[in-house]
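One structure is given below, encoded as structure tokens.
The values are calculated or read from the model by the stated rules, or taken from the named source; none is laboratory data. Because the structure is predicted, anything quoted here is derived from the model rather than measured. With ideal geometry, Cβ positions are generated from the backbone for all residues, glycine too; neighbour counts draw on all protein chains shown. The area values use the complete protein model at the heavy-atom level, side chains included, leaving out ligands, DNA and RNA. Shrake-Rupley method; radii C 1.70, N 1.55, O 1.52, S 1.80 Å.
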Amino acid sequence: MDASVAQSLARSAEMEPERRLFTFLEDGERESGSLGTLELHRRSRLVASWLGRLGATGERVALVFPAGLGFVPALCGVLGAGAVAVPAPPPSPSRLARTLPRLASIVEDARPAAILTTREIAAHAPEWTRSAPSLGRCRWLSLEDAPEDDDPAPFAVVSPSSPAVLQYTSGSTAAPKGVVITHANLHALSKILAEAKRYRPESVAVHWVPNHHDD
């Protein structure tokens with residue numbers, strides 16, 4: 001068994017490089033993009049190598065992404081760097097008074113070394129940090145700025161018992177609380193879901209909950 005999701009991706013890229021893994025439906029019906037195994041592996045390695053050079057290995061990295069395909073290579077890249085992913089919801093401009101404190105609470109508790117997001121969201125960082133100073137103590141990184149590299153470093157070797165994800169509760173009734181999910185936990189959950197839903201290589205699943213939500 002592969003020790004991490006990233007290592008499973010690397011093996012799949014060798015065995016099934018042309019296989020489509022993810023398709024994003026912009027409005028629930030219109031396809032606006034897709035990711036195949038080889039491209040996801042390439043982009044994830046770029047992110048992992050970049051984070052490794054920045055010293056994020058062994059650290060926590062918050063993932064603040066809207067719905068879309070960008071979250072996938074970001075997550076795999078964080079895991080591939082040997083860092084711990086902390087998915088968190090991006091603040092909503094129309095509900096900033098309610099949604100910004102939730103992100104700030106997660107960041108204050110998790111103390112990530114960096115916040116990985118999109119350029120569009122990162123552009124709001126100076127404004128948000130005035131209201132939530134804890135956000136200013138993290139390094140903000142945009143996925144689009146991950147440097148191209150003809151030979152990115154291989155994914156880090158991790159222990160199955162090492163933390164992979166720090167999953168936070170919704171915070172609807174109290175401050176968000178984090179739950180540690182190990183690499184072994186992720187593999188066990190994937191196996192249980194595959195068996196319960198009788199997934200086959202040709203199966204197609206529709207996923208609609210937010211990136212930061214538990215499934």
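Figures for the structure shown
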read-out: Boolean, residue 44 is hydroxyl-bearing (Ser, Thr, Tyr) and either over 20 Å from residue 210 (Cβ atoms) or outside any strand (DSSP E or B) (or both); value: yes
read-out: Which numbered condition residue 67 misses (of (1) out of contact with any helix residue (DSSP H, G or I) (no Cβ under 8 Å at 6 or more places or on another chain); (2) under 26 Å from residue 34 (Cα atoms); (3) at pLDDT 95 or above); value: (3)
read-out: Yes/no for residue 157 being β-branched (Val, Ile, Thr), open to solvent by less than 20 Å² (accessible area, probe 1.4 Å) and within 20 Å of residue 50 (Cα to Cα); value: no
read-out: Contacts under 9 angstrom Cβ, first residue in the stretch 46-74 being without any contact (Cβ under 8 Å) to a residue 40 or more places away in the chain, partner outside any loop (DSSP other than H, G, I, E, B) and open to solvent by 10 Å² or more (accessible area, probe 1.4 Å), 6 or more apart; value: 58/84
read-out: Filter pass, residue 210 being in a loop (DSSP other than H, G, I, E, B), in contact (Cβ under 8 Å) with a residue 24 or more places away in the chain and farther than 23 Å from residue 59 by Cα; value: yes
read-out: Tally, over the stretch 37-63, of residues that are open to solvent by less than 20 Å² (accessible area, probe 1.4 Å) and either out of contact with any strand residue (DSSP E or B) (no Cβ under 9 Å at 6 or more places or on another chain) or over 19 Å from residue 118 (Cβ atoms) (or both); value: 5
read-out: Subset of the stretch 90-101 (residues that are open to solvent by 50 Å² or more (accessible area, probe 1.4 Å) and within 21 Å of residue 68 (Cα to Cα)); value: 93, 94, 95
read-out: Close pairs from the stretch 13-38: first in contact (Cβ under 8 Å) with a residue 24 or more places away in the chain, partner of a type in the set (Lys, Arg), Cβ under 6 Å, at least 6 apart; value: 34/20; 37/19
read-out: Members of the stretch 166-198 that are of a type in the set (A, V, I, L, M, F, W, C), in contact (Cβ under 8 Å) with a residue 60 or more places away in the chain and in a strand (DSSP E or B); value: 166
read-out: Top-ranked residue of the stretch 8-36 - restricted to ones that are in contact with a strand residue (DSSP E or B) (Cβ under 7 Å, 6 or more places away or on another chain) and within 20 Å of residue 79 (Cβ to Cβ), ranked as surrounded by the fewest Cβ atoms within 10 Å (Cβ to Cβ); value: 19
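For (1) in a helix (DSSP H, G or I); (2) β-branched (Val, Ile, Thr); (3) under 16 Å from residue 156 (Cβ atoms), each residue gets a yes or a no:
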position: 35; (1), (2), (3): no, no, no
position: 49; (1), (2), (3): yes, no, yes
position: 63; (1), (2), (3): no, no, no
position: 68; (1), (2), (3): no, no, no
position: 72; (1), (2), (3): yes, yes, no
position: 77; (1), (2), (3): yes, no, yes
position: 95; (1), (2), (3): yes, no, no
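Residues checked against (1) among the small types (Gly, Ala, Ser); (2) surrounded by fewer than 17 Cβ atoms within 10 Å (Cβ to Cβ); (3) over 19 Å from residue 61 (Cβ atoms):
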position: 116; (1), (2), (3): no, no, no
position: 122; (1), (2), (3): yes, no, no
position: 126; (1), (2), (3): no, yes, yes
position: 149; (1), (2), (3): no, yes, no
position: 166; (1), (2), (3): no, no, no
position: 194; (1), (2), (3): yes, yes, yes
position: 200; (1), (2), (3): no, yes, yes
